[in-house]
Each structure stands twice: as C-alpha cells, then as structure tokens.
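Participant: Below you'll find the structure I mean.
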Amino acid sequence: MKTHEKIIQLLKTQGPLTAKILASELGLTTMGIRQHVQGLEDSGDVIFKDEKAARGRPTRYWSLTDKGNSRFADRHDELTVQLLDSVITLFGDDGMEKLISHREETAMTNYSLALADRFGVEEKLQTLAQLRSDEGYMASVEKHDGIYWLMENHCPICAAASKCLSFCRSELQMFQTLMKDVAVVTREEHIIEGARRCAYKVTPV
C-alpha cells in the first residue's frame, strides 16, 4: 500500500490526525508526511483545520473530504437503491419490512452462532467486531472508563440505509439482542446523520 493510501486509511479509521501522529504511525518524518498530505489536499482528498493549542502555534489536524471518503464507498450504490425502489413498488412497505426482517434474522443466526461460546462483554464484542469487519464495516473495540465502544468506520450498506432507515434500526436491535445478557447498547454516533462513523456505547450490566 502506498504512503498516501496508508494516510487515507488512518484518517478513515482514526479521524482527524496531525502530521506528527501520522509520521509516528507510519514511521516517517513529519516533513515527509507534510509533503504527502499536501499532495492529498491538492487532489481534494483531505482538508485541514487549525485548532488552538494551550500554548504556541495552533495545531493542524488533517481529515478526509467527501472525495476522500468516497474511496471507501460501495460501487453498487445505484443498483442497491434501484432494487429497493423496485421492492417498494412491487410489494409495498410491507414487502420492504419483510426483506429487512429476513436480513436481520439471517444475520442474527450467524452472529449468535459465532458468539455462542464467547463470554463476557469484551470477548463477545471482539468477535462481533471481527464479523462486522469481515463484512466491510471496518469495526474496532475501544474501552474508556469501564465503558466499551463498538466503532464502525465504514458503512458498506450506506446507500440502502440512506434509502430506508429501518436497515439501521435493525442493526441496533441486533446488537442489543446479542449483548442483552451482559450489556446495554446504545448508538451515540451515526453515519447516516452526518457523523464520521457509527459508534455504539456498550455499558456492562
């Protein structure tokens, strides 16, 4: 993977980063990183924002533009939307609900089998994150002050979810059901609502 591709990957998974952090992550000099992000800015893939520091000059953070994010977008968005339109036209809203329910049931079966021999919040979450990453969600697990977070940095079904929000309702309900014996799950950030990622707060019970 080329350096500019690695930078885009890091900005996608970690959010806005400074040239110094990018240099540390990639084992390069800060000057070298600045040259790369300048090139990415020229191509319209990244932008920067200067944030006031406690002392000294402001700190410059780089992040992805819509163009940069589009590198991760689905190639079948248009077809997906057309198919959903056809389902609604042919079978009505009830048909769409049946489609979503069938998808949810299939996913629940697969996830439940994978988590059957996993115990505790972290073990279950790590397995779920791996399953979701395999499906293209770029998922990871974090823990802060005793609270777990399931982060999904990409939405491979974004076109479908934008067309029909029930897809997202379905996923939240699945996570809540899968974790109901060990944790309470809420969605705190949502790509469809303009957030950079979907973030699920997982509070142990």
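No lab work stands behind these numbers, since they all come straight from the coordinates. As the structure is a prediction and not an experimental result, all values here were calculated from the model. Please note: Cβ atoms are built from the backbone with ideal geometry, for glycine as well, and neighbour counts cover all protein chains shown.
Participant: Consider a paramagnetic label point 7 Å from the Cα of LYS6 along Cα→Cβ; state which residues of region 35-57 have an amide N under 19 Å from it.
Facilitator: What the label zone holds, given the 19 Å backbone N cut-off, is 35-41, 46.
Participant: Net charge within 14 Å of PHE91 by Cβ-Cβ distance, Lys/Arg positive one each and Asp/Glu negative one each, not counting PHE91 itself?
Facilitator: On the way: positive: LYS98; negative: ASP85, ASP93, ASP94, GLU97.
Around PHE91, the charge tally is -3.
Participant: Check ALA183: other-chain or 5+ apart residues with amide H under 5 Å from its amide H, H built from backbone geometry?
Facilitator: Counting only residues 5 or more places away or on other chains, the set is VAL205.
Participant: Based on the Cβ-Cβ distance from LYS180 to THR13, what FRET efficiency comes out when R0 is 30 Å, to the nearest 0.05? Intermediate values should be presented prior to the final figure.
Facilitator: Working: r = 28 Å, r/R0 = 0.94.
The calculated FRET efficiency here is 0.60.
Participant: Tell me the net charge near CYS168. Cut-off is 10 Å between Cβ atoms, CYS168 excluded, with +1 for each Lys or Arg and -1 for each Asp or Glu. Please report the intermediate quantities before stating the final value.
Facilitator: Numbers: positive: ARG169, ARG187; negative: GLU171, GLU193.
Charge balance near CYS168 sits at 0.
Participant: Based on the mean of other Cβ atoms within 10 Å per residue, sort peptides 105-117, 180-192 so the most packed one is first.
Facilitator: By packing density, highest mean first, the sequence is 180-192, 105-117.
Participant: Explain nothing, just the number: dipole magnitude of region 3-70 about its Cα centre with +1 on each Lys and Arg Cβ and -1 on each Asp and Glu Cβ, in debye rounded to the nearest 20.
Facilitator: With only Lys, Arg, Asp and Glu charged at Cβ, the dipole is about 340 debye.
Participant: Say we join alpha carbon atoms closer than 10 Å with springs in a Gaussian network model of the chain; which of SER166, SER101, SER43 then has the biggest fluctuation?
Facilitator: SER43
Participant: Of ILE147, GLN126, ALA53, which is farthest on the positive side of the dipole of the chain, counting Cα position, with +1 on Lys and Arg Cβ, -1 on Asp and Glu Cβ, and the Cα centre as origin?
Facilitator: Result: ALA53, furthest along the dipole toward the positive end.
Participant: Could you tally the net charge around ALA183, taking each other residue with its Cβ under 13 Å from the Cβ of ALA183, Lys/Arg +1 and Asp/Glu -1?
Facilitator: Details: positive: ARG118, LYS124, LYS143, LYS180, LYS201; negative: GLU122, GLU123, ASP181.
That works out to +2.
Participant: Rounded to the nearest 500, what is the 222 nm mean residue ellipticity of the chain from helices alone, with -39500 (n - 2.57) per DSSP H run of 4+ residues and division by all residues?
Facilitator: Working: 8 runs with 110 residues, N = 205.
For the chain, the value works out to -17000 deg cm²/dmol.
Participant: Still on this structure: Taking the 0 to 90 degree range and rounding to the nearest ten, how far is the long axis of helix 121-134 tilted relative to the main principal axis of the chain, both from C-alpha atoms?
Facilitator: That helix lies at roughly 80 degrees to the long axis.
Participant: Let me ask something else about it. From the Cα gyration tensor of the chain, with a ≥ b ≥ c the square roots of its eigenvalues, which class applies: rounded if a/c is under 1.5, or else prolate if a/b is larger than b/c, or else oblate? Can you show the working numbers first?
Facilitator: Details: a/c = 2.41, a/b = 1.47, b/c = 1.64.
Judged from the Cα gyration tensor, the chain comes out oblate (a/c at least 1.5, b/c at or above a/b).
Participant: Where the only charges are on Cβ atoms (+1 Lys, Arg; -1 Asp, Glu), what is the dipole of region 76-204 about its Cα centre, to the nearest 20 debye?
Facilitator: Magnitude of the dipole: close to 200 debye.
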